[in-house]
Amino acid sequence: MPLPKRTMAEPYKIKVVEPLRMTTRDYREEKIREAGYNTFLLRSEDVYIDLLTDSGTSAMSDNQWAGMMLGDEAYAGSRNFYNLERAVREIYGFRYVVPTHQGRAAEHITSQLRIRPGQYVPMNMYFTTTREHVERAGGIFYDCIIDEAHDPANPHPFKGNVDLAKLDRLLAQVGREGIAYLSIAPCVNMAGGQPFSMANLREVAGWATRHRIPIIFDATRAVENAYFIQQREPGYKDKPVREILREMMSYGEGCTMSSKKDNLVNIGGFIATDNEEFFTRAKEMVVVFEGLHTYGGLAGRDMEAIARGIYEMVDDAYIASRVRQVEYLGDRLLEAGIPIVVPIGGHAVFVDARRFLPHIPQEEFPAQALAAALYVDSGVRAMERGIVSAGRDPKTGDHRRPKLELVRLTIPRRVYTNLHMDVVAESCIALYEERDKIRGLRMVYEPKELRFFQARFEPIVP
Ligand code: PM9
C-alpha cells in the first residue's frame, strides 16, 4: 500500500555483514590501468562500493537462505521447480514456466523460436543482450520508445512509454508478418530505469490485439515499474504493487525474466508464457542449451530462492524502500547540480556524461572515462551505458552513437545503506568540481559482441 512521505527506514534488519576493503588512490590508479580502464575488468576485492550492477547482487533474506537448505537436487521434477511455477503463476499470472540459468538464456530461446530471419522486433529502446539475441536469430531491432526517452533532461514521468505512431509506421512498412512480436520492457534500463504507464500499456495491448501481434515482456524490472505506476498514475495510489504487477502482465502473452534483478536472487531466470505451443517448443530447446525443463541450468536451491524472492519483491514496504534509496542518491546529485537523467529511475542513477564532460567528444568515450575516474577517486564502481555499450551497426560496422551517454550508478537491492550513498555522492561532487581534468580514452581492444564487457582502453595524452 502507498506509504507516507516521511522518513522510512529499511523494512528489514541486518543479520550478516560482509566487510568492505578501502584502498589508496595510487593503488586504484594501478588497478584501473591493469583493467584497461574498463570497470568490468576490475577485481571485486579492489572495489569499495560496487554499483556496477543490480544484477545478481541482491542480499537474500533469511527466508530465502532457509529455502536454499530445502533444495531438492533431483535431476527431474524437483519440488523447488513446482514452487517456482506456483510463484510465477500467482504473482505474474502466466501458466507455463521454463527455468533458465539467467535472463539472456531465456532471450536466446525466445528469439530463436519466435523470430524468422528478416522479421522486426519493436522494443521500447534496446537492451544489450536482448538486441544481441534478436539479431542472432536474424531479427531486426526497431526502437518504438517515445522520443522523450532519448532526452536525459526531459522530466516526462513515463519515459518508458511506447510511441504508437512508430508502431503504425513499422506496420505500414512491413505488414503484420514482418513483425515477430513486441518486446516491451518495464523500467527501461538504457533509458535510465524509466517506467511505462498502465494507460500506455493498455493502448499498446489494444494495438497488438488488433494486429494479432503478441507482446512478450522483458519483465526483469517489472516490480519497480509497478511501484512507479502506484506513485504516479491516477487510479493506482491505493492498489498494492502486487495487483498492479498482475494487471501489467495480463496484457502480454508471456515474458523473459532475469531473476537476478526484481526476484532478489544471485542467479536465475525463466521464460513464462500462456502460449502452450511455444511452451512445448521452449521445453524442447531448453534441454539442449540449459538442462532439463524442470531445472533449466539451475540447482533446486536456486529455484527455491527465486520462488521465495518472487513473493518478497511485491511487498509494498520493500519496493518503496528500494526505489527511495535510488531517489536518495539521485536527489543528492541533483542538489549539487550534477547532470543526471530525470526523473530518477528505479534501479540506478544515471549520470549524463555528455553534460558532465562536454570537452570529451563521444568518440573518446566520455562515460567510460567518467566511470574510470570515479573508481580512481573513491573505489566506487559504476558502469558505462553509452557508445561502448551500444556497439557497432552490423550493416555499416560503424559505432552506433546513442543520444544517451551515461554512467550508471546501480544500486543493489538490500545491500548498502544511505551512508554508502553519501560516499558515492561526495565522490561524484568532487569529480564534478574538477571535471576539466578528466580526459578521453582510446579503445585498444574491441571484442566483436557485447564489447562493453571486455573492451580495453588507454587514456588519450594530449
Ligand atoms: N542486465 C545489467 O547490469 C546485467 C549485465 S548486462 C550489462 O543491467 C534487461 C533489461 C537486463 C538484463 C541484464 C538482461 C539479461 C535482460 N534484460 O544478465 O542474462 O537489464 O540475467 O539478463 C544487466 P541476465
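As a summary of the residue check, LEU298 satisfies the conditions (1) assigned to a helix (DSSP H, G or I); (2) touching a residue at least 60 places away in the same chain (Cβ under 8 Å); (3) farther than 30 Å from LEU406 by Cα; (4) not small (Gly, Ala, Ser) except for the one numbered (1). When ALA272, ALA222, ALA282 are checked against the criterion of being under 21 Å from VAL415 (Cβ atoms), open to solvent by less than 30 Å² (accessible area, probe 1.4 Å) and in contact (Cβ under 8 Å) with a residue 24 or more places away in the chain, ALA222 stands alone in meeting it. With respect to the conditions (1) aliphatic (A, V, I, L, M); (2) open to solvent by 10 Å² or more (accessible area, probe 1.4 Å); (3) farther than 26 Å from ASP54 by Cα, ALA185 falls short on a single one, namely (3).
Listed here are the helices (runs of 4 or more DSSP H) enclosed by segment 1-90 that have at least 2 residues being touching a residue at least 60 places away in the same chain (Cβ under 8 Å) and over 30 Å from PHE270 (Cα atoms): 25-34. Where strands (runs of 3 or more DSSP E) fall entirely within segment 406-462, none has at least 2 residues that are open to solvent by 50 Å² or more (accessible area, probe 1.4 Å), out of contact with any Phe, Trp or Tyr (no Cβ under 9 Å at 6 or more places or on another chain) and among the acidic types (Asp, Glu). Residues in segment 127-140 that are outside any helix (DSSP H, G or I) and in contact with a helix residue (DSSP H, G or I) (Cβ under 6 Å, 6 or more places away or on another chain) were compared, and the one that is modelled with the lowest pLDDT is PHE127.
State whether one or more residues within segment 162-176 are over 30 Å from ALA353 (Cβ atoms), open to solvent by less than 10 Å² (accessible area, probe 1.4 Å) and touching a Pro at 6+ places or on another chain (Cβ under 7 Å). Within segment 162-176, one or more residues are over 30 Å from ALA353 (Cβ atoms), open to solvent by less than 10 Å² (accessible area, probe 1.4 Å) and touching a Pro at 6+ places or on another chain (Cβ under 7 Å).
When TYR295, TYR251 are checked against the criterion of being aromatic (Phe, Trp, Tyr), in contact with a Ser or Thr (Cβ under 8 Å, 6 or more places away or on another chain) and open to solvent by 40 Å² or more (accessible area, probe 1.4 Å), TYR295 stands alone in meeting it.
For segment 377-389, filtered to residues that are buried (at least 22 other Cβ atoms within 10 Å of the Cβ) and assigned to a helix (DSSP H, G or I), the residue that is farthest from the ligand (Cβ to nearest atom) is ILE387. Count of segment 99-128 residues, restricted to those that are within 9 Å of the ligand (Cβ to nearest atom) and either open to solvent by less than 40 Å² (accessible area, probe 1.4 Å) or closer than 13 Å to ASP218 by Cβ (or both), is 9. Restricting segment 24-50 to residues that are among the polar types (S, T, N, Q) and buried (at least 16 other Cβ atoms within 10 Å of the Cβ), the residue that is nearest to the chain's Cα centre (by Cα) is THR39.
Among the residues of segment 346-368, none qualifies, meaning not one is of a type in the set (S, T, N, Q), surrounded by fewer than 24 Cβ atoms within 10 Å (Cβ to Cβ) and under 21 Å from the mean Cα position of the chain (by Cα). Applying the selection to segment 248-279, what residues are within 13 Å of the ligand (Cβ to nearest atom) and part of a strand (DSSP E or B)? Those that are within 13 Å of the ligand (Cβ to nearest atom) and part of a strand (DSSP E or B): CYS255, THR256, MET257, SER258, GLY269, PHE270, ILE271.
Give me the pairs, please: first residue somewhere in segment 226-250 and within 17 Å of SER321 (Cα to Cα), second residue anywhere and at pLDDT 95 or above and assigned to a loop (DSSP other than H, G, I, E, B), beta-carbon distance under 6 Å, and either six or more positions apart or on two chains. Note: pairs meeting the criteria are PHE228/PRO195; ILE229/TYR236; GLN230/TYR236; ARG232/PRO157; VAL241/VAL314; ARG242/VAL314. Of the residues in segment 329-340, none is β-branched (Val, Ile, Thr), within 16 Å of the ligand (Cβ to nearest atom) and open to solvent by less than 10 Å² (accessible area, probe 1.4 Å). The set of residues in segment 129-155 that are free of Cβ contacts under 8 Å to residues at least 24 places away in the same chain, away from the ligand (no atom under 15 Å from the Cβ) and of a type in the set (A, V, I, L, M, F, W, C) comprises ILE140, ILE146.
The values are calculated or read from the model by the stated rules, or taken from the named source; none is laboratory data. Keep in mind that what you see is a predicted model, and the values were worked out from it rather than measured. Please note: Cβ atoms are built from the backbone with ideal geometry, for glycine as well, and neighbour counts cover all protein chains shown. All accessible areas refer to the heavy atoms of the entire protein, side chains included, with ligands and DNA or RNA removed. Shrake-Rupley method; radii C 1.70, N 1.55, O 1.52, S 1.80 Å.
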